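Undergrad: Please read through the structure below; I'll follow up with questions.
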Amino acid sequence: MNVLITGGAGFIGTHLTRKLLMEQCTVTLLDNFSPQVHGQCNNLQAEIAGRVRLIRGDVRDKLLVSDALKGQDVVVHLAAETGTGQSMYEIGRYTEVNLDGTAVLFDCLVNGSYSVGKVVVASSRAIYGEGKYSCSEHGPVFPGPRIIEDLANGQFEPRCHLCRHPITALPTDESAPYAPSSYYGLTKQFQEQMVLMFSQSLGISGYALRYQNVYGPGQSLLNPYTGILAIFSNLARTGKPIRIFEDGLESRDFVFIDDVVEATWRCIRPENKAVTAVNVGSGLQTTVLDVAHEIVEFFSSSSKIEITGEFRVGDIRHNLADLRKSHAEIGYVPCWKFREGVQAFLRWTEQQAIETDLYEASLQEMRAKGLMHGKG
C-alpha cells in the first residue's frame, strides 16, 4: 500500500511513518519543515530518512501536490498550522495553510486521474468548542464561547446558555454541533467538512480524526503556541515559575502518540471503508494543575506553580472525548494512561535542548494583541 503523508516530518507524521514502514507500506512525505515547528532542523530522523520518499515543499503548491499524489492509495493530510491562540491574530496564515492547502489537495484529486481511494485528515477537538455539558434544568446543552466579562470576574466555568445555571462537562460525541471558539478550530471544521464532502462526491473513503490533546516523545519543544506539556517541562527543567491560566482546574483529554498512531492506522487499513468522523482521545480528563504538579514532581524541580487568573480569548474550559463511535467503527481502544504516558514523554525531554524564551515572547505577543486578559 502506498501512502502519502502531508506534514509528514512532524510529530504525528514521524510516528505514523514508523508504523507504516513496519506494516510494509511505501511512504511518501510532503513537508516544508516550518521553522516554528522544526527550528533549524530540516532533515528527517535518521531511522526513517533512507526508507521513505521525501518531497520538500508546501502543501499549497499545486504542481508539487499533483506529483506527490501519483501512485498513492491513501493520503493522510496532517499539514496544518496548529496554534489556538496564534490563530486569533495570524488569520491569513491559518486560512492559507489550513484551508487553501486542503483545497489544493482536493482540486488535484477532483480534476486529476489518481489511484487514491482514501483520505484521512487530522481534525481536532477544537471543532466542538466547549462541547457537551449537563444542566440540571435543561439536560444536555452545548454552551457557546465563554463571556469575557465572566472570565474577568474569575467565573471560569461555563454556564447554561438558557438559564445561566452552573453546568457539568460530559464526554462529547461526534453528533455534537460544530461550535469552535477559536479560528484554528474553525479552520479544522472547514478542513474536515471538505474532506468528508469531496470524499463522498469522489466515491472514496474519507476519515476525519478528531484528535484530542496529543502528546508524547518527539513533539516539538520549540513551538510556543502548542503543547502545555512541552512548555511546562521546559520551565520545570530550568526552575522557572510555571504560570497557569485561569484557576488551573481547566481540563483536557490528553492522548498519547502511540494511541493516536494506532487509531490512524486503523483508518488507513484497507478493510475500513467509510466517510465519517471519529474522536481519538483517552476518554479521561486531567486538569492543567495536575499536569504541572506531575511535571514538577518528575524533575524534582524548584519551579513554583503560580495560578495567575489570566485567560486567553479562544480557550475552552474542558474537553473530554466520547469514544464509543471510534470503538464501534474502527475498533479503537486507547492503551496509555496519562501518568505512564507523561513519564515516557518527560524521560525523552531530558535528552533534548531547553527552550523557554520563545514561550515568554509568545505570551507578550498575545497580550499586545489584546488576546490575553487578567493579571499579568
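Undergrad: When only Cα pairs under 8 Å and 6 or more residues apart are kept, what is the percent relative contact order across the chain?
TA: About 18 percent, as a whole number.
Undergrad: In terms of modelled amide H atoms, which long-range or inter-chain residues lie less than 5 Å from the amide H of Asn2?
TA: Thr26, Asp73, Val74
Undergrad: Do any GluC sites (Glu not before Pro) in region 289-376 lie in a loop, going by DSSP, with at most 14 other beta-carbon atoms within 10 Å of their beta carbon, and if so which?
TA: The qualifying sites are Glu350.
Undergrad: Nearest-5 percent of antiparallel DSSP beta bridges in the chain?
TA: Expressed as a percentage, antiparallel bridges in the chain total about 25.
Undergrad: Straight-line reach from Lys132: which lysines fall under 24 Å, measuring Cα to Cα and dropping same-chain residues less than 8 apart?
TA: Counting by Cα, and skipping residues close in sequence, Lys132 has these lysines nearby: Lys188, Lys325, Lys337.
Undergrad: For a quick check, take a GNM of the chain with Cα springs below 10 Å and name the residue from Thr172, Thr26, Thr17 with the largest mean-square fluctuation.
TA: Judging by the Gaussian network model, the answer is Thr26.
Undergrad: Does region 192-256 come out rounded, prolate or oblate, given a ≥ b ≥ c as the square roots of the eigenvalues of its C-alpha gyration tensor, rounded meaning a/c under 1.5 and, failing that, prolate meaning a/b above b/c?
TA: Note, shape of region 192-256 comes out prolate.
Undergrad: Same structure, new question: Of all the C-alpha pairs in the chain, what % are more than 38 Å from each other?
TA: For the chain, the share of Cα pairs beyond 38 Å comes to 15 percent.
Undergrad: Would you mind checking which residues have amide H under 5 Å from Thr172's amide H? H placed 1.01 Å from N; only 5 or more apart, or other chain.
TA: Lys132, Leu320, Ala321, Asp322
Undergrad: Just Gln343, Gln364, Gln193 to compare: in a GNM of the chain, with alpha carbon springs under 10 Å, which one fluctuates most?
TA: Gln364
Undergrad: Show me, for region 164-174, the HN-Hα J-couplings you get by feeding each phi into the Karplus relation (A = 6.51, B = -1.76, C = 1.60, θ = phi - 60°), rounded to Hz, glycine and proline as x.
TA: Once rounded to whole Hz, the list reads 6, 7, x, 10, 10, 5, 10, x, 9, 9, 5.
Undergrad: Rounded to the nearest 20 debye, what is the charge dipole size of region 228-349 about its Cα centre when +1 sits on each Lys and Arg Cβ and -1 on each Asp and Glu Cβ?
TA: Roughly 260 debye for region 228-349.
Undergrad: If a/c stays under 1.5 just call it rounded; otherwise compare a/b with b/c (prolate if a/b is bigger, oblate if not). Do that for region 268-366, with a ≥ b ≥ c from the square roots of the Cα gyration tensor eigenvalues.
TA: Taking the square roots of the gyration eigenvalues as a ≥ b ≥ c, region 268-366 is prolate.
Undergrad: Leu249: net charge of surrounding residues, Cβ under 11 Å, Lys/Arg +1, Asp/Glu -1, itself excluded?
TA: Overall, the nearby charge balance is -4.
Undergrad: Taking only C-alpha pairs under 8 Å that are 6+ residues apart, what is the relative contact order of region 68-122 in percent?
TA: Computed over region 68-122, the figure is 65 percent.
Undergrad: Further question: Could you give me the ³J(HN,Hα) list for region 16-30, computed from phi with Karplus coefficients 6.51, -1.76, 1.60 and θ = phi - 60°, whole Hz, x at Gly and Pro?
TA: 5, 4, 4, 5, 5, 5, 5, 8, 6, 7, 9, 10, 10, 10, 10
Undergrad: Step through the residues of region 180-189 one at a time and calculate ³J(HN,Hα) from phi using the Karplus curve (6.51 cos²θ - 1.76 cosθ + 1.60, θ = phi - 60°), rounding each to whole Hz and writing x for Gly and Pro.
TA: Listing the rounded values in order: x, 9, 10, 5, 3, x, 5, 5, 5, 4 Hz.
Undergrad: Can you classify region 104-239 as rounded, prolate or oblate using the Cα gyration tensor, where a ≥ b ≥ c are the square roots of its eigenvalues, rounded means a/c under 1.5, and otherwise it's prolate if a/b beats b/c and oblate if not?
TA: oblate
Undergrad: Helix-only mean residue ellipticity at 222 nm, the chain, DSSP H runs n ≥ 4 weighted -39,500 (n - 2.57), per residue, nearest 500. What is it?
TA: Calculated from helices alone, the mean residue ellipticity at 222 nm is -10500 deg cm²/dmol.
All of the numbers you see were taken from the coordinates with simple rules; none came from a lab. Owing to the predicted nature of the structure, the values given are computational and were not obtained by experimental measurement. Glycine gets a Cβ as well: all are built from the backbone with ideal geometry, and neighbour counts include every protein chain shown.
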